[in-house]
Structures are given as structure tokens and as C-alpha cells.
1. Here is a check on your reading of the model: is B:Leu589 modelled with pLDDT of 85 or more, within 32 Å of the chain's Cα centre (by Cα) and within 11 Å of chain A (Cβ to nearest Cβ)?
2. Residues in region A:99-144 that are acidic (Asp, Glu) and part of a helix (DSSP H, G or I): how many?
3. Can B:Cys101 be described as more than 14 Å from every other protein chain (Cβ to nearest Cβ) and either under 25 Å from A:Ser386 (Cα atoms) or open to solvent by less than 20 Å² (accessible area, probe 1.4 Å) (or both)?
4. Any residue at all in region B:267-286 that's more than 17 Å from B:Val351 (Cβ to Cβ), in contact with a Lys or Arg (Cβ under 7 Å, 6 or more places away or on another chain) and open to solvent by 50 Å² or more (accessible area, probe 1.4 Å)?
5. Here are some conditions: (1) more than 30 Å from A:Val503 (Cα to Cα); (2) open to solvent by 60 Å² or more (accessible area, probe 1.4 Å). A:Leu403 meets all but one. Which one does it not meet?
6. Return the residues of region A:37-68 that are part of a loop (DSSP other than H, G, I, E, B) and open to solvent by 20 Å² or more (accessible area, probe 1.4 Å); say none if nothing qualifies.
7. For region A:375-388, check the following and say yes or no: at least one residue is under 20 Å from A:Leu153 (Cβ atoms) and not in a strand (DSSP E or B).
8. How about region A:145-170: which of its residues are assigned to a helix (DSSP H, G or I) and within 13 Å of another protein chain (Cβ to nearest Cβ)?
Amino acid sequence: MSRLVKKCPSLCVDLPLDNTDVCNKLRLLRQLLASCYGPTGKLKLVHNNIGGHVVTTSTSSVLLAAISSSQPLVSLITTSILNHVSRFSDCGLFAATLCLDLIEQAKQSGLRGNVCIRLNRHFLGVCVSYLQRGDCCCKVKLDFCSSHNLIALARSVISSKPACMLTGQETLHISKLAVQAFLLTLPCDKPGTVSLGQTVTISVEGHSVLNSAVFPGLLVDVTGVLCIDKSENLSSHPLRTLLFSASLAGDIPELGDGIIEVSSGVDTDAQILDQLLDLGKQAVEDDVKLFVCQKVIHPVLQQYLRSQGVIVIERLGITHMEPFILLTGAHPVATLHTALPAKAYGKVRDLSIRQFGSKTMLHLLGPGESAICTMVLCHRNETMLSELKVVCQKTEHVLRLTLREPYALFGGGCTETHLAAYVRHESTNGVTESAAALGCSQSEYILGMDRFCSSLESVAKSLEHNGGNSLIDLTHAHHWTLPADVMNRCVEDSLGFCGCGLVEGSSSKKWTYLNTKYAEFSPAALTTDSPVQPRVLDSFTAKLNALQVAVETANLALDVRYIIKDVN
Amino acid sequence: MLRSTVINPRQPVGLQELAALAAVAHSTLGPNKRYKFIQDDTSGESALVCSCFRILENLELTSAVGQLVYETVQAQQKVFNTGSGCLLFLAGAWGRAALECVHRGISVSRIISGMSDGFDLCADVLRKCSISTDGLGAVKSDSCTTTSRGLGLQMSKKPIMEDSRASHHLSVGHKTLNTGGHRKIKLSRHFCQPESKNVSTAPQPHQFFNVGHIAEGLSHGCVQAMNLVMEAVKLQSKTNQDLSCSTFDVTKVVTCVVPGLPEEHACVLPGCIVLLSDEQAAVAHHLKEQHLKVALINGDLSHAFRHLGFSRPAGVQHVSEQLALSSDKEEVWMVKVVALLLNLEANLILVSGLASEKVIQHCCGRRVLVVEKVKASILKAFADATAGVPVTYATQLTKHCVGTGVKVEIWRDLGGGSERKSSTAVNISTGGNSGLFTVILTSCIRGKLQALEDQFWACAYRLHHALKDRAVLPGAGATEMLCIRRLRQRAVSAYSTQESEAGGAADLDRGVVLHLMADGLIDYISTVMVNTGRVSKVRARTVVSQQLQERNGHVDIAARLSQLVLEGENEDSDLKSNEAPEMDVYDNLSVKQEAWRKALDLLFLVLQTDAEVITGVDLTTGAQGNLMLL
């Protein structure tokens, strides 16, 4: 007898942004994410209520992935940011902070929702078209003839994550490695469509960061596998290589939901093992010298292959599969039920053993140029190592983005303050026409502009976590920070360089605090022949997209009228 | 439903938690260790612990900081097997220093940069005051050197400081002795590079390497355990024909704990000793004085065992066409394996995993001895010594997989009560070429065995690392004293630059941080002294500060401190005069360096953390006061 359960009616919340609980949650999210921002950002311990491993991080991708909320608006924002991060790696915290700030500002301003949305979109357009202009004064063109700017870019990304616990020297070392790895994945002298190679990251715990290194080719962890005889002379000619993506463990693979009926007296295990050994025999006959499997290889097969002088590597892992295929040219064999096709075999030119602390690695070099490299990252403990690994992968992505658009933006909050000043300056000319075009009053237009600009500025302010003050200079509109304990009289002396390190403080300049009103001005470009290079750079592509994502997401959140929740 | 929660209080909470956790393990510092009972209120079980690592292991910490602490200590333990107490204490002490800085309004980034500088200073001191193990203890026989006691001299063997000013402050190498045993007295201010080089490059007529002396200095109160280690080292070096005992391979040493015997029965024996049941012992009796063939199994010895990564199919049904009495598969397998073994003439099977009871019994019936739970390193040692090849399945065994030349002896029948299963200790050896040694640890109190085993391994690893580093540090607080001195000097110079026009608030803060860091080390030394049980905290602090204030206080810090530590003993027995030869105390260089580094890393992580994200909170249990829900 079935019972009928009465369905609860859906829950409908009107104007969610007017709800204090929702606002509190958004404010909390902003505090949480903004406090992580920048090189002096605070770390968060992420752990499960019932215990287990603790993650220490200030990276948006790790943090947001761990956060789940019962509030749909919060989920909407986190999902949107995570999506940006998965595509561009960098500027997740920037996007999140800006987005949440825009929502908060919009609510405080009292502007009508649709006006606010239109204005935000308009000012976003102003920013984007300015950033894409050739004479934009807050970006630099990356020069691939010199590694200087690339290292500065990598370094800015790496040093913005304090949970890596790197000293200055270590940061530089890792930045150089990141650039080196990036350059190794660029194929040279290849006609036609160029496809980038891959960097494989291997982490080794318990060693100094300065022991980290980058190698061309692929390193495979073979710790504990005591099979490789160092005396064997293998590197004389290319080794024939065979790669399996199917498990060779000898079990019955992927039954799904189906059922196999086995008549008693039949030993399935032995039969599969026989099949495996047949494969092994064929491989030996075909002169395979390196036998690799993504998953487990049956010990009996391993023993057989080794006795025939074949090097066996099992549990290669999914992350190593593609680089291995690119390196050796092998086609992964996904079944054990056919004879091995000749074109499945790949080649390895050279093979050597490297030792990293307790880890033994097999270093494989491909027959031709393959643009595959391996980055071995060392750090003293697991927590810092896992953050370093995330950051290095992020850096690699950021460097790759420069190939699409070879520009970088000034970091350290300078782009934000500069953009704010530019928007203020541009918008004050022709308020009447713009307001009319957008269908709002002039005061609404000015209020909206003010809110938009102060959102940008408050992101720059979020970089400071030690109670210091944020300033803007009234010539170039760069961002400056003043430590908390500096007396008022020596402000000029304490301001060394601006956030990105391009402008030096001098008595001829004027500053104002970021939260104060200042008369609009046109931010001046720096003299182009200046020998000074910016020390902190942000990814152009990532930041541009982050800006768009932040404004669009904020607009979407402002546009939500009802939340309908199915509570069944 | 997974929900996440955010706690948001200010950072000091984490630091306070760290300091509180560290305080739990105070009693494990120093040579006189106190036992602690840890009781589980729910199950009523209790554990007797006496090391920092075991305390944390038994505490089951669930908080985020607690988990971080445990992970850090575990990492230290995994690599070094010692130094966890020092790590945790300093994390706590420096955590308190950081807390004080936060209260004084120093920014987190300045605390971190200040402490990093402090660590660099200390690391520099550690490097410079390390004593090469070559020739250490050579002067011991020289009766006239009792006052300088090995500490001061080797300072000069290291390349001495870059500038004379530094050496003036730092040098404990106040008196210099070269290794030949001649005495040279030098005032530190006259030290100069060429001379010290002369000393260091002076050809040594004979490589005197007194491993016993080093071991004694590294025993840190666990004299019994260290004696066992020494015995093992001597036996090992005899086998390796390395008379100088310049290395100690800990992977070739096994421990075997035997409850019920008094502690004096602890000893070291060549070979691998295992405890066997009566039934197995009977087989061993039969096999003794034979050259046996051995099979090595890397995994479990049972019919159902499958290698790692083998997944059992879920949807397999067995169908039989007739109602035949199905023969027991296990029986079939067992018969097959035993037949194979007998065919290969292998009478001994060493299994790294477990062997099923049935298999053991069946094998016993065929006079095949099965030994389970053999450590991987031991299995490897046997493989190397007998030319056997470890296999995963017994059915894989072939002629060339089987090793030869193993002997089994009954070491001792412990046959106590009938309830005990493993009652006979059997020695499995390979005729002296495997280099394996077993340390038998005994105690009448079963609960103490774990602690004794830990102590043994701590001592073994200390000696192992000392020989690997080829250097040790002056112990008994001497190294810490030098660090304190150095930190304070730097603090003072930071204060003075702050006063000059060039400096600013940053220098003042740096001075404060360094000073507080030095206080943390003072706390460390005085706690060690207090733990000896003969000095009060106040007295300990007074002694330390007296030492620090004396202008020429660097005469022989270690001497005074160890004297103080041993003072009580002298009071206890009037027979021991003050002239009695005192012990040199040493610490490990790499262990200390790494423990300090890890302590600071841990502290920095906690210091920079301002919030905790807790996932999977069940709301029905009621939210606590300071939690904020997202």
C-alpha cells in the first residue's frame, strides 16, 4: 500500500536583497574573500566538521570550491566566480570582491534597480573600451624578447598567495621556474598550427623550495619499485614503448549494473591472467622495452615482463597520460581483447633515474621535440606545498594567456584606482547627453558613477590588511599605501613607490585618501621612455574578464526579484 | 546537506590554542621524562604516554589548529623520529611571543619578517657552532681538559665568523684544543681566519672517532635505550667491517617487544627475532640447525587475497549444472601452495601481510614455518641476503624466487601463561651476512613497552642523524644560549638604529620581535631545567639570565647547565664528588634546525589565519555562539 505524502508548497522570497539575512550573508562572503586578497592577505583554514585534513589557503578556487551555502544568491555568485577562475585562473578574488561591493553600493545608493544595472553596464563599457585602447595608460605591452616582464608577472601571481610561505629569494626562484616551464612548453620550428605542450607538476614534501626544478621531458614517480637496474645500458637507441589505459590488474573490468554468470569450475581470474600473459608475450616479441599502464598491472605479468628485461611502470595516473602520449607518440591501448596494433607503440629516446629526497623518478625524454616538461616542486610541509602547487598551475595559465593578448596591467591596485579616476574624468564631460541616453536623471547618473568608482577603489583598498591607509596620487592616479604607524608629518617620505612600483614618491606630487572626494582629473601617462619597469603586474586577459564577470554577476543579482525554493 | 560555516574571530584565538596545545607536552622535554595517562571517558580506555608525538596521537584533535599541529609533528616524526617535543614547545613559546607582538600592535607582516630574520640568525648560529663528529671525544682521555669538556674546542674547526666583532660576541670557542690533544688557549678576540684555518686543516694522525662518546651525549636521559643502540651499532659495524662505526643503518634494525621480563633483560642479537605460537615453535624446533630455503611473500598469504588495485567484480553469479559437492576452493588452493612449496623445498615463508590461521596450521602440518607481519625493509634485507625474490602470490613462486641459506634457532622459550599465544622467540638469520639485528625490549609492565620502544627508536635515530650529518650541536642548552645572545644583540642594534634618524618604527618592532623570540628560547631552556625536577622555575630563569648577563659568560655555558642538571644527583649520593667525570651533552644539527623551521612555519600559518571555514555542519545540533553561517 502506498502512502500519500502531502507536498509542501514552494517557498517564495520577494526582493531577496532587501532581506537582512541575505545581506548579512553577502557581507560575510565579502569579508571572507576580501580578507584573502593580495600578498598580505589573511589565510583561511578549511576543514570538515568531523575532522580530517586541514587546508590552509587564500586562493579563491580552493576556498570557493569548499564553500556551499543554502542561500541561492550566494551560490549564484560563487558559481559565477568559480567559472571565471576555471577559465582564467587568476583574479577570482578581485572579481568576487568587486561584485559583492557593487551589490552593496547599489543597495546603499538607493538607486532604482534597473537604473543601477544600466549605469553599471555603461561604466563597464567605458572601462573595457579604455583598457582595449592602444593608448591606455595602465597597461604594458609584454616583450617576449626579454624575460623580465614575464618573471614580474609570474612573481606577482606567486607572491599574492602568502600561504605558500615563500621568502623573497624563493619567490624569485619559483617565478623563474614557472617562466622556464612556460617557455619549454612552446614548440619551436613547427610549421602549421601550433599547439602548446604541457607542464606536469610533481610535488615532493620535506625539501627546501630552492631544490625545486624544471626538466624537459617527463618524470614518473617510481619510488619503491625496485625494478630498474641502473647498470643496464638502455639509452643506446630509442626504446619501444607500450601504454595501456585499461587496467591490467586481472579483474573483470567495468561490469556496470550487469550480471555475469559463471559456471562453477571456471576460474575467471586464471583465464584473465592467461590473457594478460599473452599480451605480455606479444609485447616482448615486438621488442617493447618500456611497458606502462595507467592503472594497476597484475604482479604475475610484472614478474614476467621484468624477467624479460622490460621496464614496467604501473599506476601512471590520469594526469600523466596525455603528456606521456604527447611525449612518446604511443596510442593508449584501452582493451586487452585484441592483438596489439603496431601503430600503438611509441618511442622514448632516453631514460635516466633522478632522486628527489625519498622519491625516485624515472626521467623520460621523447624522440623528437615534444614541448612536454616536468616541474618538480619541493616545500617543507604538505599544506604549503599544496598551495604552491595550485599557485604554480595558476601562474602557468596566466603566462599562457599572454600569448593571446601580449599585455599586462599594472598590479598593486594601480589599475583599479587609475580606472576609477579615468571613469570619473570621462563621465563628467557630457553628463546631460549620457544621462538622457541611459534614461535617467543627471543626479542618478552622477550617483551611479560615484558608486561604481568607489567600488573599484575599495577593491584596491582591500589589498591592505594591516590597518594602513590607501592613497591615490593626483597625477597618475596610482595606488599607494601608508603603513598604520606613520606620523602625519612624514607622509611624503614614507611613500616609497606606488603599488605597482612604477611611480616614485616625490614632494611635487599630491595625494589624497582613497575614501575622500577629489576633484576629477585626467590621469597622466608616464613618460614612455622611462627605464623603470613595473614590479607588480596583473594578467590583462584575466583581469578584463574578471571585471566583466563581476559587473554582470552583480547586475544579475540586482535583477533578482523572487527566489522560489522547492522545499520538498 | 552540506553547509559551510565561517568563524571569524581575531587571530589570537589560533595562537592561544597553539600555546595551550604546546603546554600539554611540556613535561616531555628534557632528560627526565614524565609519563602521562590519557584516558578516554567514553570507552574507559587509557594510554600511558611519554612523548609529545604519542600525546598528540592519543588526543584525537578535531580542531583545525590541532589538526595542523598534529600534521606538522607527524611529518617531523616520520623523517626524524625525534625532535617533536622541541618543535611543539617552540611553536607554543614563539606563538606566545607573536601574541605579545599582536597585543603591542605590531603588524602581522612585520612579526613574520622579524621572526624570519630571527630564524636566519639562529640557523647561522646552529651552523657555526656545530661540532664535527670527527675526533669528537678524543680529548676525553686527557685528564686536564675536564673543564672545557669537548664543547668549546671544535668551534674553531668550523670556519670562524666573518668579522672579528662577531667572533668576539659569539665565540664559545674561548679555549681551543686541537684534535691532537695539545692544549692551546686563545682569547677569542685574537682569533683570525688563517689561524683557525690552520687548526681545521691540521692533518689528523689518526681518525679518532669515538662513537660511544657521541652516543652518550645524545642519550638525553635514555641511557638504557642508548646502550642498546650502541650495542647494535657495534654489532653492525663489526659485520660491515667498518671499525670506526661511521654509519648506522636503522633500516637493518628490528625491535621485538617481550612483555613479562624485567627491563634488564633487554639485549641486542644478530638476526631477526620473532615471537611464535607453540605450534609454529614446534616446527621451528624441527627446522633448527638446517640450511633452509625461504620464500618471500609481499602481501597476504591467503586464498582470498588479491593484490592492491584488484577490484572484486560485484555482479558475478556462479552457476553449476549439477548438484555436485563443490570442493572447498580454499582447500584446493592450500594443497596446491603447499605442494609447490615442498616441491621447491622451501620450509620457511616470510609474509609481509597476514597469513590466515588455516594456512598457518596446514603449513605447520607439513613442517613449513610461516612467519607473518614481516616489515618491508626486513623482507628486502632477506631478499638481498638470500638472493630470493619477493612475490605477491604464493603461486608465483619459481625456483629462482626462492632464497637460500637461512637458519632458524629457538632463542628462548618464554612459555609463560597458557593464555599467551606467542610464547617462543625464534631467531631467523642468514648466517651473518644480512646485517640484521634485533633489539629485544622487555618490561614487566605491558603499558610501558610502547614508550620503551619509542625511546629506543628516538635514540637510534638521533645517533643515525648525527653520523649522517657528521656533526652535532653542543647540547644542554648551550646552543640555545648562543642563539639567545645573538638574537638579543640584534635586537639591541635594531633599537639603536631606530633611535638614529635613519630608522623608523619598523626597526623598533623588529627589536621587540627578536627580543621576544629570545625569551621563547629562555623559556625552553628553563623548562628543560625545571623538568629535571631539581630546580624551580624561578631558579632556572635566574641561572639563565645570570649566564646571559655575565660579560664573559661564554666561558662554558654547557658545563654550568649540565652541572646544574646533574647537581641533584650529586646531592643524592655523596659518593659522587663534583670531580666525577661529567657527561657531554649533544643535540642533533639537522633535527634541531628542521624542528625550529617547522615550528615557525606552523606558527606563521596560524598567525596569518583570520577565519576558519567549516564544512558539513549539521544545523540541527544547534549553532554555537561564535559561528556565522553562510
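1. no
2. 2
3. For B:Cys101, the condition - more than 14 Å from every other protein chain (Cβ to nearest Cβ) and either under 25 Å from A:Ser386 (Cα atoms) or open to solvent by less than 20 Å² (accessible area, probe 1.4 Å) (or both) - is not met.
4. Looking for residues that are more than 17 Å from B:Val351 (Cβ to Cβ), in contact with a Lys or Arg (Cβ under 7 Å, 6 or more places away or on another chain) and open to solvent by 50 Å² or more (accessible area, probe 1.4 Å), one finds at least one in region B:267-286, hence yes.
5. (1)
6. Selection gives A:Tyr37, A:Pro39, A:Thr40, A:Asn49, A:Ile50, A:Ser68.
7. Yes, the conditions are met somewhere in region A:375-388.
8. If the condition is that a residue be assigned to a helix (DSSP H, G or I) and within 13 Å of another protein chain (Cβ to nearest Cβ), then A:Ser159, A:Pro162, A:Ala163, A:Cys164, A:Gly168, A:Gln169, A:Glu170 are the ones that fit.
The values are calculated or read from the model by the stated rules, or taken from the named source; none is laboratory data. Not measured: the values here are computed from a predicted model. A quick note on method: Cβ atoms are made from the backbone with ideal geometry, for glycine too, and the neighbour counts reach across all protein chains shown. Only protein heavy atoms, including side chains, enter the accessible area calculation; ligands, DNA and RNA are left aside. Shrake-Rupley method; radii C 1.70, N 1.55, O 1.52, S 1.80 Å.
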